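Okay, structure first, notes after.
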Amino acid sequence: MNDKTRLARIFSSASLDVGECSLRTGIPSAWVWDLLGRPDEMESNCSLQMIRSLATYCNVRPSAFFTDPPYQGAMVSEAELHGAITATLERDKMPYEEFSDKVGWHLKDDAGEWVPLSDWCVDQLRAVCECVNVEWLDVIEGLPGEDLK
């Protein structure tokens, strides 16, 4: 099933009301409307927190937006992903800056602290996970939030 059909099915099942969705998830209503017409924008324009909130609103697993359910992977936490990044840097004797260039994203702020995973987008997550041999859908499933189906 393509992304547009998948998202339309999820939104239809949830009886999506754009205004209510915006209020309950904190996602601006204009962004929700955009997702209805351009579901591919979810991967580049929505933070992982937005995706998690939208999944909770629609009562689906976060992975349901990207693959036909049920997804049968593990759950990888933010700490586990950071551990995988650190292990890759140590194993490859690669400085953080080189890794950041390799994945095409800055993962730390100016103070050297990790940018919260909830602020990342799917494109960023995919790029990082590919470099550290972690399944990105496992990280999507490991996002903190309410227990879902």
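Relative to the compact-globule scaling 2.2 N^0.38 Å, provide the ratio for the alpha-carbon radius of gyration of the range 3-65.
Output field value: 0.94.
Roughly how many nanometres apart are two label points built 7 Å out from the Cα toward the Cβ at Tyr96 and Asp109?
The answer from the label model is 1.3 nm.
Mind checking the log10 I(q)/I(0) for the range 75-149 at q = 0.12 Å⁻¹? Debye, one equal scatterer per Cα, no solvent, two decimals.
-0.31
Which of Leu107, Leu89, Leu54 has the fewest other C-beta atoms within 10 Å, and how do the rest follow up to the most?
Values: Leu107 18, Leu89 15, Leu54 27.
In increasing order of surrounding Cβ atoms, one gets Leu89, Leu107, Leu54.
Using a Gaussian network model of the chain with C-alpha springs under 10 Å, which one of Glu135, Glu20, Glu43 is most mobile by mean-square fluctuation?
Glu20
Provide the net charge surrounding Ser77, with neighbours chosen by a C-beta distance below 11 Å and charges set as Lys +1, Arg +1, Asp -1, Glu -1.
Neighbourhood net charge equals -4.
Based on alpha-carbon atoms only, what is the radius of gyration of the chain relative to the globular estimate 2.2 N^0.38 Å?
1.08
Enumerate the helices in the chain for which the Kyte-Doolittle hydropathy averages -0.5 or more and the C-alpha atoms extend at least 18 Å along the helix's axis, using complete DSSP H runs. Mind showing how you got there, number by number?
On the way: long enough: 78-91 (19 Å, -0.18).
Correct list, ordered by number: 78-91.
Just so you know, all these numbers are worked out from the coordinates, no wet-lab data involved. Keep in mind that this is a model prediction, so the values were computed, not measured. Heads up, the Cβs are rebuilt from the backbone with ideal geometry, glycines too, and the neighbour counts pull from every protein chain shown.
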